[in-house]
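Everything on this sheet refers to the single structure shown next.
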Amino acid sequence: MADDLHETWDEIARHWDDWGPPLRPSGEDLRIMRLALKQWRPETTTQTVRVFLCGVTPEIVLMDWPFPIDLVGMDHVESMVRVVWPGDVAGVRRARVGNWMKSGLPARSRDVVMGDGGFAFLDPVVQRALTGSMRELLTPGGLFLYRHYAQLEPRETLEQVLSAARAGRIGSFHVFKWRVAMALQPDSHTGVRLHDIWQVCADAALDPTRLPQPGWSARAVDTIRFYRDRDARLYFPTLDEFREILSEDFDRIHVEFGQYELAERCPIPSARPRS
């Protein structure tokens, strides 16, 4: 992981409570994930479902699982495991620091692979390699379940985003930040530099005290500072582009959407590994 991206995630870990949906899964996302898991359950005979979680997202770890689990959560950054992970529970869950593509887990040893937005920090070439690694990790008939950040088609303009923010039509700073990022991205292979997102947000000079939405708290707005002077990039493939990436290693691809603000850009695909 690039040093500046590692430093960004260190900052995120130390200020985790300042982040909110859509940068963290909402209750609606969790209900969609739980339903997908429940519908998949009859396809396996294992009593305790072995789960690999890309990241340590506490909302997923602590959700109301519809079956017993043996979950391994893995993050690249030690501070995410140390600060954000809700704690190991013997026989139920444990966390590791490591590389998702070199997890150290045996092939075909996990029944479910899940994630929440983490692919956005990898360019599409690496995303493609990662989906291949996840297929190798899954048992035949296993389930891939992931919340994806998808670019719009056609892409929203930056002026549209800024106009909506100034008019009070964006409910939270986190939604605003993600809309800025996607508006700046020329294509999914180029991505968008973190510092450029910071620059637009700083230049916008929006005064959160003049906005009626509670999602524009000073603490939420202050999270943009973690992007300043960072050359790391975010990558937002469209849903069609991400389907194409998935389809090389998975089939039976099904997509669900929530109804919250920006949910149309946070699809939740589920899929089965190809034979």
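Some points to look at:
- Look at the stretch 6-28: where a residue is in a helix (DSSP H, G or I) and a partner is open to solvent by 40 Å² or more (accessible area, probe 1.4 Å) and among the aromatic types (Phe, Trp, Tyr), sitting 6+ places away or on another chain with Cβ atoms under 8 Å, you get Glu28/Tyr260.
- All positions within the stretch 35-82 that are open to solvent by less than 10 Å² (accessible area, probe 1.4 Å) and touching a His at 6+ places or on another chain (Cβ under 8 Å): Val77
- Odd one out for Ala202, checked against (1) at pLDDT 95 or above; (2) loosely packed, with under 15 Cβ neighbours inside 10 Å; (3) not in a loop (DSSP other than H, G, I, E, B): (1)
- The C-beta contact set for the stretch 73-98 (first residue over 10 Å from Val56 (Cβ atoms) and of a type in the set (Lys, Arg), second residue open to solvent by 50 Å² or more (accessible area, probe 1.4 Å) and not in a strand (DSSP E or B), distance under 8 angstrom, 6+ apart or interchain) comprises Arg94/Asp88.
- Residue check for Ile245: outside any loop (DSSP other than H, G, I, E, B), open to solvent by less than 80 Å² (accessible area, probe 1.4 Å) and in contact (Cβ under 8 Å) with a residue 60 or more places away in the chain: yes
- Inside the stretch 52-73, residues that are among the aromatic types (Phe, Trp, Tyr) and over 16 Å from the mean Cα position of the chain (by Cα) make up a count of 2.
- When Gln39, Gln47, Gln127 are checked against the criterion of being more than 17 Å from the chain's Cα centre (by Cα), in a helix (DSSP H, G or I) and of a type in the set (S, T, N, Q), a single residue qualifies: Gln39.
- Among residues of the stretch 159-181 being in contact with a helix residue (DSSP H, G or I) (Cβ under 7 Å, 6 or more places away or on another chain) and not in a helix (DSSP H, G or I), the one that is least open to solvent (accessible area, probe 1.4 Å) is Ile170.
- Conditions (1) closer than 22 Å to Ala107 by Cβ; (2) open to solvent by less than 40 Å² (accessible area, probe 1.4 Å); (3) charged (D, E, K, R): number failed by Asp29: (1)
- Residues in the stretch 206-242 that are closer than 23 Å to Arg155 by Cα and either open to solvent by 50 Å² or more (accessible area, probe 1.4 Å) or assigned to a helix (DSSP H, G or I) (or both): Ile224, Tyr227, Asp231, Arg233, Leu239, Asp240, Glu241, Phe242.
- Filter pass, Asp187 being out of contact with any strand residue (DSSP E or B) (no Cβ under 6 Å at 6 or more places or on another chain) and acidic (Asp, Glu): yes
- Selection count where residues are more than 18 Å from Pro154 (Cβ to Cβ) and over 19 Å from the mean Cα position of the chain (by Cα), scope the stretch 177-196: 2
The values are calculated or read from the model by the stated rules, or taken from the named source; none is laboratory data. Because the structure is a prediction, the values reported are computed rather than measured. Reconstructed Cβ throughout: ideal geometry from the backbone, glycine too, with neighbour counts over all protein chains shown. Areas reflect the complete protein model, heavy atoms only, side chains present, ligands, DNA and RNA absent. Shrake-Rupley method; radii C 1.70, N 1.55, O 1.52, S 1.80 Å.
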